[in-house]
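The structure under discussion appears below in the form of structure tokens.
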Amino acid sequence: MLKNVVESNKYKFGNKDEKYHEEYQYLNLINDILKEGTMEEGRNGSTKCIYGAAMHFSLENGKIPILTTKKTAWKTCLKELLWFVNGKTDNNLLNNQNVHIWDGNSTKEYMKTRGLNYEEGDLGPIYGYQWRHFNAPYEGCNAEYKGKGVDQLQNVIDCLKDPKQRASRRLIVSAWNPCQVDEGALPSCHNFFQFNVVDGNKLSCSMFQRSNDEACGTTFNIASYSFLTHLIAKHCGLEAYEFVYFKGNCHIYEEHIDGLKLQITREPYPFPTVSIKQVRENINDYQLEDFEIHNYQHHPQIKFQMVP
């Protein structure tokens, strides 16, 4: 069923006359779901879905897999990533940067559906909080958490900066915390990532995601974790090598089907490259302006409404 995880993932829909491009892994997956997925009624609507997929993206020589068959808002993606890296949970900080991807999950009305009573915009102990303050008691988005909980990301950075530890197979960060999963606005979709170093300085990242919104989420997830790998490599004096993406439930919302049927007809452009201008002293200090994207060609935008 899953052509994207076998030999035919190198070619557009199994056609060996097509030139290889890593974006076809995504397009092939969409094609598989549309053709062979089952319709399921879920928490927030009808989806066509399959279970289980994997993708590999090279990050060598600065390559960054920002998908090209539709325009990807990579700045929005990167702003969210840096917000995660800083351990923040206040959606107002994103709104101040004109980022609104969490708005549907941060209203008082939505919070009531989760049994939560946070202030408007407070998302609870979600991704960045678990990366930087794992399992510390949550006291609101404006509380001070320095030194509280487990700083998983900094622990990984410390190991990667140490030549004696960077070959460890324990360079893991988990956003899935069963103790606090019901305290967040949304249980984490991308749950768990691991870094790995080969040849002394080549940094790879793998990530497992339990729930994959293929129209709205996957495009951001690929770019975000690739940005993260480039960032950690730069910060730790390593070279970004690859991003490996493991996927659980892969689904297309019914209202996204027509847009994705259009997207899979498009021919990908070469992926762009990224450069990071400087090494900051602290991982918290990186800014959007530190990143430069080169030669991003893309097809026109396809508008998909996010389903909260």
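The table for this structure:
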| item | result |
| --- | --- |
| Hz values of 3J(HN,Hα) by residue in segment 269-282 - Karplus curve (6.51, -1.76, 1.60), Gly and Pro given as x | 8, x, 5, x, 10, 10, 10, 10, 5, 8, 9, 7, 5, 10 |
| Under 23 Å, Cα to Cα: Lys pairs in segment 178-305, sequence gap 8 or more or different chains | 5 |
| Alpha-carbon Debye profile of segment 106-182, log10 I(q)/I(0) at 0.27 Å⁻¹ | -1.24 |
| Computed E for GLN301/ASP103 - FRET, C-beta separation, R0 25 angstrom, nearest 0.05 | 0.85 |
| Per residue solvent-accessible surface (Å²) - segment 109-202, probe of 1.4 Å | 52 Å² |
| Electrostatic dipole magnitude of segment 60-187 [Cβ: Lys, Arg +1; Asp, Glu -1; Cα centre; debye, to 20] | 700 debye |
| Mean residue ellipticity (222 nm) of the chain, computed from DSSP H runs ≥ 4 via -39,500 (n - 2.57), nearest 500 | -7500 deg cm²/dmol |
| Value of Rg to Rh for segment 26-180 (Rh from inverse mean 1/r over Cα pairs, i.e. Kirkwood) | 1.00 |
| Formal net charge of residues neighbouring TYR241 (Cβ-Cβ distance under 9 Å; K, R +1; D, E -1) | -3 |
| Measure of compaction for segment 103-249 (Cα Rg per 2.2 N^0.38 Å) | 1.12 |
| In order through segment 29-38: 3J(HN,Hα) via Karplus (6.51 cos²θ - 1.76 cosθ + 1.60), integer Hz, x for Gly, Pro | 4, 4, 4, 4, 5, 4, 7, 10, x, 9 |
| Neighbour-limited loop hits for GluC sites (Glu not before Pro), segment 98-162 (at most 12 other Cβ within 10 Å; DSSP other than H, G, I, E, B) | GLU120, GLU139, GLU144 |
| The chain: C-alpha pair distances exceeding 24 Å, % | 53 percent |
| Antiparallel bridges, percent of DSSP beta bridges restricted to the chain (to nearest 5) | 75 percent |
| At R0 = 25 Å, FRET efficiency that the Cβ-Cβ distance of CYS216 and GLU119 yields, to 0.05 | 0.45 |
| Virtual paramagnetic centre 7 Å along Cα→Cβ of CYS179, amide N under 17 Å, in segment 90-127 | 125-127 |
| Solvent-accessible surface (1.4 angstrom probe) belonging to GLU36, in square angstrom, nearest 10 | 80 Å² |
| Surface share of carbon and sulfur [accessible, 1.4 angstrom probe, percent] for the chain | 47 percent |
| FRET efficiency, TYR269 to ILE172 (Cβ-Cβ, R0 35 Å, nearest 0.05) | 0.55 |
| Net charge of neighbours whose Cβ lies under 12 Å from the Cβ of PHE134, counting Lys and Arg as +1 and Asp and Glu as -1 | +1 |
| Amide N proximity, segment 78-94 versus GLU289 label position 7 Å along Cα-to-Cβ, cut-off under 16 Å | 79 |
| Trypsin sites (Lys or Arg not before Pro), loop per DSSP, at most 12 other Cβ atoms within 10 Å - longest free stretch of the chain | 171-276 |
| Straight-distance crosslink candidates among aspartates and glutamates, where the alpha carbon sits under 19 Å from LYS146 and sequence neighbours closer than 8 are dropped | ASP90, ASP122, ASP158, GLU281, ASP285 |
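The values are calculated or read from the model by the stated rules, or taken from the named source; none is laboratory data. A quick note: this is a predicted structure, and the numbers were derived from the prediction, not measured. Backbone-built Cβ (ideal geometry, glycine too); neighbour counts: all protein chains shown. The protein model used for the area step is the full one, side chains on, heavy atoms only, and it has no ligands, DNA or RNA in it. Shrake-Rupley method; radii C 1.70, N 1.55, O 1.52, S 1.80 Å.
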